1. Out of the strands (runs of 3 or more DSSP E) lying entirely within the range 490-598, which hold 3 or more residues that are among the β-branched types (Val, Ile, Thr)?
2. What number goes with the only condition from (1) open to solvent by 30 Å² or more (accessible area, probe 1.4 Å); (2) within 29 Å of the chain's Cα centre (by Cα); (3) among the polar types (S, T, N, Q) that Asn20 does not pass?
3. Give, as residue ranges, the strands (runs of 3 or more DSSP E) completely inside the range 282-372 that count at least 2 residues that are over 30 Å from Lys562 (Cα atoms) and out of contact with any Cys (no Cβ under 9 Å at 6 or more places or on another chain).
4. Pick from Ala325, Ala244: which is among the small types (Gly, Ala, Ser) and in contact (Cβ under 8 Å) with a residue 40 or more places away in the chain?
5. Would the range 506-513 turn up any residue that is among the aliphatic types (A, V, I, L, M) and in contact (Cβ under 8 Å) with a residue 24 or more places away in the chain?
6. Among the residues of the range 459-473, write down those that are over 24 Å from the mean Cα position of the chain (by Cα) and open to solvent by 30 Å² or more (accessible area, probe 1.4 Å).
7. Being out of contact with any Lys or Arg (no Cβ under 6 Å at 6 or more places or on another chain), open to solvent by 10 Å² or more (accessible area, probe 1.4 Å) and among the β-branched types (Val, Ile, Thr) narrows it down to one residue among Ile240, Ile266; which is it?
8. Would you pick out the residues in the range 77-98 that are open to solvent by less than 30 Å² (accessible area, probe 1.4 Å) and either free of Cβ contacts under 8 Å to residues at least 24 places away in the same chain or not in a strand (DSSP E or B) (or both)?
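The values are calculated or read from the model by the stated rules, or taken from the named source; none is laboratory data. All values reported here derive from a predicted model rather than from experimental measurement. Reconstructed Cβ throughout: ideal geometry from the backbone, glycine too, with neighbour counts over all protein chains shown. Surface accessibility is based on the protein's heavy atoms, side chains included, excluding ligands, DNA and RNA. Shrake-Rupley method; radii C 1.70, N 1.55, O 1.52, S 1.80 Å.
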Amino acid sequence: MSLTEKTAALAKQWLEWDYNSATHAEIQALVDAKDEKELVKRLHNRIDFGTAGLRGAMKAGFSNMNVLTVVQASQGLAVYVEKVVPEAKKRGVIVGYDGRHNSKTFAAHTAATFAHQGFHVYLFSHLVPTPYVAYAVLLKKAAVGIMVTASHNPKDDNGYKVYWENGPQIIEPHDRGIKACIEENLVPWKFPGGSAEAALAGEYKSLVSDPLHDVVSTYFPLITDWCFHKSENGARALDITYTAMHGVGAAPVKLAFDAFGLKPYIPTKEQVEPDADFPTVAFPNPEEGKGALKLAMATADAHNSPVIIANDPDADRLAAAEKLADGTWKIFTGNELGILFASWAWSSYLKKNPGVDRSKVLVLNSTVSSKMLRALAHKEGFEFQEALTGFKWLGNIACEAKKQGRIPLFAFEEAIGYMVGDACWDKDGVRAAAIFAEMASSLYAAGSTVAGELKRLQNELGYYPTNNRYFFCYDPSKLPVIFGEIRNGGNYTDKCGRFEISGIRDLTAPGFDSTTADKKPTLPVSSGTQMITFTFANGGVATLRGSGTEPKLKYYVELAGKAGEDPAKVEAELAELTEAIIKQFLQPEKFGLEKPRD
């Protein structure tokens, strides 16, 4: 069997362009074997550049993460930035990388590509957490920033995250402009010396500098603006266990603890050093629960430590758990941590700034995150705003708010991403680790616990339980079909099971919102994302959406209980509502959706 004309032409093109011996050999072997099926998968579609940049499996082929596709993305990005950002070459580009396989190599090729165009390149000399790159863009007033990471994805994946000149991740229309420039600049540029590394050490050397010292020496003093109890020795003594999940967070979090005057954390030794193979976890994601935190719990038990904190591998997110009085471990949900952070940030900020104009204070979360934050904002008299999923939206809104003279206090998304203050316009697991540790230490010093503080907030604001989960959907063509059935040609249902639907918002283009006068959503719509939110008469809210970075169909269901209402009753109604949503809308058996293993 011979290859089709299209496949043969694409394979020839790849072999002409790809100068990496390993990936060149991969495609050559497939060509020799005349493996049409695999070559179609790898060559017929280009890895998509979206508002999350790039993310995918590390393999040869245009559809994957490899040296050639990283160089092509960098060429397009460099051309676009030079075209639209004033003094872009002089202001330069920030390039950082985490501890994954090929991250350093991809970063070197990114840096050499920008240097080829005459950009000053701030290339970190060592692997760093993602928040360092977001912060460095602001510190250096750079034209753009790139972090090579796949965050919490499996070990075979990598990614390429882009920050714009204002500090947050890119949003529309920059993603479209960058994508167009990539398509116009696919032929790889030649590096002097024959490789990216040789060019950076040779002809491009004068264009490259290391921002690591400047970042470390200024970032940690800056985040201590959110340290409020450093002088209280009793509030520093809590034994806190930490895991870096085989990522890059251990050293930065140690520096953050030192800056806050906290007792050094107890490391989970098996997971504290970077390891690109993530040998102790099936998924390097602390959001996965007890499976991911098993070793941290064993470490904490051995040291009589009642609190665990965990970063994901690039340290932009934070998870936490606490040992309860009955000896079990409670893993806090992203929403529970969100309200704890928000309340702590607000009460601490208010003590330091008692005369603040509350109307200028802003808190934010994503539309799939808990509405308990809105309840806190209404109670305290400051502003609440919601955004689309993804911290790029939250970061850009917060950045604009500060320009307008407002005070962006806190933003979060339920996927354990938190931004306290304005050190950088992205979620930051390093900053969050120190702030959470100070909060927990202060609570214990006062005779309380983290779970006790959460209970106090629930009694005060109402009980807001959530069921946030997902099904694997490995065939992306199924998503439009599933959501098409839910839309029913625009004739949306007014009931789900026994539950009455009071509002529907569909953020897939052209968009629909039953609660607005013109039936158009106030949030941006997208043709490339499936996302519908249902509001229920009983106080429930459910959002269904396809993930932009993983093969998942996610559902987020929350029920707003009233202050003083029996939590067990609210939980039971939430469970019934969730089951009805899965059965009526998602239909996992019909569409072959797979449950997560745990």
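1. Those strands (runs of 3 or more DSSP E) span 531-536.
2. (2)
3. Ranges flagged: 307-311.
4. That would be Ala244, the only listed residue that is among the small types (Gly, Ala, Ser) and in contact (Cβ under 8 Å) with a residue 40 or more places away in the chain.
5. Yes: one or more hits.
6. Asn459, Glu460, Tyr463
7. Ile266
8. Matches in the range 77-98: Leu77, Ala78, Tyr80, Val81, Val85, Ala88, Gly92, Asp98.
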